[in-house]
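> So that we are looking at the same thing, I have put the structure below in structure tokens.
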Amino acid sequence: MAGTVIEEREVVRPAPSPHRTSGFLHRHRWLQLSGLLSAPMLWLLVAYLGALAMMFITAFWTTDPFTNDVVRVWSLENFKQLVSDRAYLNVAVRSVVVASLVTLVCAMIAVPMAFFMARVVRPRWRGAFVVAVLTPLWASYLVKVYAWRVMLQTDGVLDSVLRPFGLSSPGFGLAAIVIVLTYLWLPYMILPVYAGFERLPDSYVDASSDLGARTVRTFRSVMLPMVFPSLVAGSIFTFSLSLGDYITAQIVGGKVQLIGNVVQTNIVLNLPFAAAVATIPVAVMVIYLAVVSRTGALDNL
Amino acid sequence: MGASRRATLATMAGALVLVAAGCGGDDSGGTTTATGGLRPPKLEALKTLGPGEGQVNLVAWAGYVEDGSNDPKVDWVTGFEKATGCQVNVKIGNSSDEMVQLIKSGQYDAVSASGDASLRLIAAGDVAPVNTALIPNYKDVFDGLKNQPWNTVNGVNYGVPHGRGANLLMWRTDKVSPDPDSWSVVFDPSSPYKGKITAYDSPIYIADAALYLMATRPDLGIKNPYALDDKQFQASIDLLKQQKNTIGEYWVDYLKEIQAFKSGDSVLGTTWQVIANVAQGEGAPVKVTLPKEGATGWSDTWMVATKAKHPNCAYMWLNHIISPEANAAVAEYFGEAPSNKLACAKTADPNHCAIFHADDEAYFSKVWYWNTPIQQCLDGRTDVRCKNYAEWTQAWTSLRNS
């Protein structure tokens, strides 16, 4: 891509008169650059940061208790309420725990799986495995969650499979939420980790074994540090997607609610309060990203 | 990295300033509705009925707008579409709160609003007055349903009555015995059905607890389950907290409740007649009853949105849904009392109106229609301040996450 751009510029140079604009742009590189970036920057500003800022501002408004219309009067009432009622702390902690568990389980499944796909399977079969990992993403989210609801129900698939082992389905609740979210977001963890393992040069592994390291040692001291950034990239997906989810909790959560459910209930009745609640996951994600960037994992992505 | 981070920060700060500036201007122009007495904005009703616009977008309760796609025998929409040329598009609202939100989006023409939604919609100016002269079938509506506080404000009609009914108690006949006749079974802390009990997932469900306390704790002096002072409200919340230990799951999506009763994950809990009908149709052994304490219920009103893009088709729909034929069909399918007197002669079961007490005002005095709790106590008390719906909502969120 970059090569073609340079080539075009070279062609333009000998004939400046009919290409005055491009010549002008060539002389003013910053204009060229800002023109090129203006569309994505505008998108980032208006649609992305704009929406976030709008949400943050809304959190300081209040609502008419009867009509539920937003009243644009500045107040800290929503945040006071968030802090004063322990229920919101509970649901925030519960959501972070669920998101962490989902991320952890995803990582535990994804690392051996991706290792197998990238380093054990013959190269020509790799594509088939990648397709297999991606296939669940082609099905609708709702269909998958409802399918899990049917599997988890009393005398469902899980019950009949586990019965010979003296176990039963965990039923609807926290465990069900973690299982279903893990299933939903697993591909987002496997793919970056797979890419990480695939990028790893064979010579490193050879060098490690030449120096006398056994398989386990090579995996722990050479491979794992190399794929750690990919693992972090995957964890950002699984963690943030789990933190924002509310539909899974609604369908298989029994009586458990996550922070997304609290936002969803209040979005209808008290939009400013919903916005205030929604700042919690945003804050958690900002902290998470800050911690992650401290480890330097983001620099190598 | 450092430079780009600074740039990002600068952009974010810039965006904040821009948005803040944009919003600041609205402060003066923002409309705030009166929180005291109900003073709806002045809006004009349709004066004359024009030709249909070709389609109409409805927000309705499940089972209110059936075009045969759920059950080929249940269809009162196709005939209307053929006769008027108005293609009917329906969006199911799972709760009154959801319906209010959908109407506020401005994409819908008419809504089947319950009492806890209708006044909110009127007060916010989201629905327009309805000119009943343009709805020929309105004259046959039971007088007991006309000009009621949930469909009429200051003598102005805001819709046509659809029908009414009660929230019922449903149970699996193979799992629960003896047959319950009281709400006590869902509030029993040592219930043998612990973990299999279900409840409606909406702040309005607090009224169900209040209604039970009204019968069992006369010392609290609850006169109306939607008018609760601090002490009465706290007692209701405490009861619900205790109930939460025995709840398996809360439902708001009616399909989820049908599935839960079919699989046996729920065996006992609050329901609508239409859910029982569908569950029975799909082979689940369930029964329903109106418990002796009475019940919460609904009296629904079809209203026309202020921002309706297809008002003529909306009026035609209002007239159609309260026509004797359609009103009989929907009342029978949903399991409620029709609003049109003449519908009683058109039901497949000739006793339908008797069974559902269509004109039995004494019966409906035991049913507390969903209403929006406000600060001014609905039961007429003036010496105390009642909890408003915003407080109900907060308490419900808090309860669900305690």
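The values are calculated or read from the model by the stated rules, or taken from the named source; none is laboratory data. All values derive from a computational prediction rather than experimental measurement. No Cβ is skipped: glycine too gets one built from the backbone with ideal geometry, and neighbour counts run over all protein chains shown.
> If you go through segment B:27-36 one residue at a time, do you hit one that is at pLDDT 50 or above, within 14 Å of chain A (Cβ to nearest Cβ) and within 19 Å of residue B:305 (Cα to Cα)? Show your work before the answer.
Just the residues of segment B:27-36 that are at pLDDT 50 or above, to begin with: none.
Looking through segment B:27-36, none of the residues is at pLDDT 50 or above, within 14 Å of chain A (Cβ to nearest Cβ) and within 19 Å of residue B:305 (Cα to Cα).
> Shifting gears a bit: Could you count how many residues in segment B:135-186 are more than 30 Å from residue A:66 (Cα to Cα) and among the polar types (S, T, N, Q)?
Residues flagged as more than 30 Å from residue A:66 (Cα to Cα) and among the polar types (S, T, N, Q) within segment B:135-186 amount to 5.
> Next question, about the same structure. Could you list all residues from segment A:225-246 that are in contact (Cβ under 8 Å) with a residue 40 or more places away in the chain and surrounded by fewer than 18 Cβ atoms within 10 Å (Cβ to Cβ)?
A:228, A:237, A:241, listed by residue number.
> Right, next: For residue A:250, indicate whether it is within 14 Å of chain B (Cβ to nearest Cβ) and surrounded by fewer than 20 Cβ atoms within 10 Å (Cβ to Cβ).
Answer is no for this residue.
> So, one more: Within segment A:29-36, does at least one residue satisfy the condition of being assigned to a helix (DSSP H, G or I) and closer than 19 Å to residue A:267 by Cα?
Looking for residues that are assigned to a helix (DSSP H, G or I) and closer than 19 Å to residue A:267 by Cα, one finds none in segment A:29-36, hence no.
> Could I ask something else about it? Collect the residues in segment B:235-275 that are surrounded by fewer than 21 Cβ atoms within 10 Å (Cβ to Cβ) and of a type in the set (Gly, Ala, Ser), keeping them in residue-number order.
B:235, B:263, B:264
> Which ones in segment B:93-149 are surrounded by fewer than 24 Cβ atoms within 10 Å (Cβ to Cβ), without any contact (Cβ under 8 Å) to a residue 40 or more places away in the chain and of a type in the set (A, V, I, L, M, F, W, C)?
Correct list: B:133 only.
> Scan segment A:272-286 and tell me whether some residue there is more than 30 Å from residue B:259 (Cβ to Cβ), part of a helix (DSSP H, G or I) and free of Cβ contacts under 8 Å to residues at least 24 places away in the same chain.
yes
> So, in segment B:143-162, how many residues would count as being out of contact with any Phe, Trp or Tyr (no Cβ under 7 Å at 6 or more places or on another chain), hydrophobic (A, V, I, L, M, F, W, C) and under 13 Å from residue B:131 (Cα atoms)?
1
> Of everything in segment B:361-382, what is closer than 21 Å to residue A:66 by Cβ and more than 8 Å from chain A (Cβ to nearest Cβ)? Give them in sequence order.
Passing the criteria: B:368, B:369, B:370, B:371, B:373, B:376, B:377, B:378, B:379, B:380, B:381, B:382.
> Determine, yes or no, whether residue A:102 is modelled with pLDDT of 95 or more, surrounded by 18 or more Cβ atoms within 10 Å (Cβ to Cβ) and under 21 Å from residue A:183 (Cα atoms).
yes
> Looking only at segment B:378-389, decide whether some residue is surrounded by fewer than 21 Cβ atoms within 10 Å (Cβ to Cβ) and within 30 Å of residue A:93 (Cα to Cα).
yes
> Being over 30 Å from residue A:264 (Cα atoms) and not β-branched (Val, Ile, Thr): is that true of residue B:142 here?
Considered against the rule, which asks whether it is over 30 Å from residue A:264 (Cα atoms) and not β-branched (Val, Ile, Thr), residue B:142 comes out as yes.
Per-residue answers, yes or no, for (1) closer than 24 Å to residue B:367 by Cβ; (2) touching a residue at least 60 places away in the same chain (Cβ under 8 Å); (3) part of a loop (DSSP other than H, G, I, E, B):
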position: B:225; (1), (2), (3): yes, yes, yes
position: B:235; (1), (2), (3): yes, no, no
position: B:243; (1), (2), (3): yes, no, no
position: B:249; (1), (2), (3): no, no, no
position: B:260; (1), (2), (3): no, yes, no
position: B:266; (1), (2), (3): yes, yes, yes
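> Further question: Yes or no: residue A:41 at the interface with another protein chain (Cβ under 9 Å from one of its Cβ atoms), surrounded by fewer than 18 Cβ atoms within 10 Å (Cβ to Cβ) and either under 22 Å from the mean Cα position of the chain (by Cα) or farther than 27 Å from residue B:105 by Cβ (or both)? Walk me through it before giving the result.
Details: at the interface with another protein chain (Cβ under 9 Å from one of its Cβ atoms): yes; surrounded by fewer than 18 Cβ atoms within 10 Å (Cβ to Cβ): yes; either under 22 Å from the mean Cα position of the chain (by Cα) or farther than 27 Å from residue B:105 by Cβ (or both): yes.
Answer is yes for this residue.
> Here is a further query. Filter segment B:174-224 down to the residues that are of a type in the set (Ser, Thr, Tyr) and touching a Ser or Thr at 6+ places or on another chain (Cβ under 8 Å) and list them by number. Walk me through how you get there before you give the answer.
If we filter segment B:174-224 for residues that are of a type in the set (Ser, Thr, Tyr), which is where we start, we get B:177, B:182, B:184, B:190-191, B:193, B:198, B:200, B:202, B:205, B:212, B:216.
Scanning segment B:174-224 gives B:184, B:191, B:193, B:198, B:200, B:202, B:205, B:212, B:216.
> Which members of segment A:82-96 meet the condition of being free of Cβ contacts under 8 Å to residues at least 40 places away in the same chain and more than 8 Å from every other protein chain (Cβ to nearest Cβ)?
Answer for segment A:82-96, where residues must be free of Cβ contacts under 8 Å to residues at least 40 places away in the same chain and more than 8 Å from every other protein chain (Cβ to nearest Cβ): A:83, A:84, A:89, A:93.
> Has segment B:333-353 got at least one residue that is surrounded by 19 or more Cβ atoms within 10 Å (Cβ to Cβ), among the β-branched types (Val, Ile, Thr) and in contact (Cβ under 8 Å) with a residue 40 or more places away in the chain? Step through it out loud before you land on a result.
Restricting attention to segment B:333-353, the residues satisfying the condition of being surrounded by 19 or more Cβ atoms within 10 Å (Cβ to Cβ) are B:333-340, B:343-344, B:346-347, B:352-353.
Applying the additional criterion that residues be among the β-branched types (Val, Ile, Thr) yields B:347.
Then drop every residue that is not in contact (Cβ under 8 Å) with a residue 40 or more places away in the chain, which leaves none.
Checking segment B:333-353: not a single residue is surrounded by 19 or more Cβ atoms within 10 Å (Cβ to Cβ), among the β-branched types (Val, Ile, Thr) and in contact (Cβ under 8 Å) with a residue 40 or more places away in the chain.
> Given the conditions (1) within 14 Å of chain B (Cβ to nearest Cβ); (2) within 23 Å of the chain's Cα centre (by Cα), which single one is not true for residue A:130?
(1) is the only condition that residue A:130 fails.
> Further question on the same structure: Looking at this structure, is residue B:390 among the small types (Gly, Ala, Ser) and in a helix (DSSP H, G or I)?
Here the answer is yes, as residue B:390 does meet what is asked.
> For residue A:51, only one of the following conditions fails: (1) buried (at least 16 other Cβ atoms within 10 Å of the Cβ); (2) within 13 Å of chain B (Cβ to nearest Cβ). What is its number?
All conditions are met except number (1).
> Hey, among the residues in segment A:258-287 that are over 19 Å from residue A:80 (Cα atoms) and surrounded by fewer than 21 Cβ atoms within 10 Å (Cβ to Cβ), which one's nearest to the other protein chains (Cβ to nearest Cβ)?
Per the stated criteria, the residue is A:268.
> Also, quick follow-up: Assess whether residue A:137 counts as being within 29 Å of residue A:227 (Cβ to Cβ) and over 26 Å from the mean Cα position of the chain (by Cα).
no
Every residue, every condition in (1) closer than 30 Å to residue B:322 by Cβ; (2) more than 18 Å from the chain's Cα centre (by Cα); (3) within 14 Å of another protein chain (Cβ to nearest Cβ), yes or no:
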{"site": "B:171", "(1), (2), (3)": "no, yes, no"}
{"site": "B:176", "(1), (2), (3)": "no, yes, no"}
{"site": "B:179", "(1), (2), (3)": "no, yes, no"}
{"site": "B:222", "(1), (2), (3)": "no, yes, no"}
{"site": "B:226", "(1), (2), (3)": "yes, no, yes"}
{"site": "B:256", "(1), (2), (3)": "no, no, yes"}
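Quick grid of which residues meet (1) farther than 30 Å from residue B:173 by Cα; (2) polar (S, T, N, Q):
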{"residue": "B:268", "(1), (2)": "no, no"}
{"residue": "B:277", "(1), (2)": "no, yes"}
{"residue": "B:295", "(1), (2)": "no, no"}
{"residue": "B:302", "(1), (2)": "yes, no"}
{"residue": "B:341", "(1), (2)": "yes, no"}
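> Taking residue A:218 as the residue in question, decide whether it is within 26 Å of residue A:173 (Cα to Cα), polar (S, T, N, Q) and either free of Cβ contacts under 8 Å to residues at least 40 places away in the same chain or within 14 Å of chain B (Cβ to nearest Cβ) (or both).
Answer is no for this residue.
> Here is a further query. Residue check, residue A:77 against (1) of a type in the set (D, E, K, R); (2) within 28 Å of the chain's Cα centre (by Cα); (3) more than 8 Å from chain B (Cβ to nearest Cβ), all met but one. Which one?
Condition (2) is where residue A:77 drops out.
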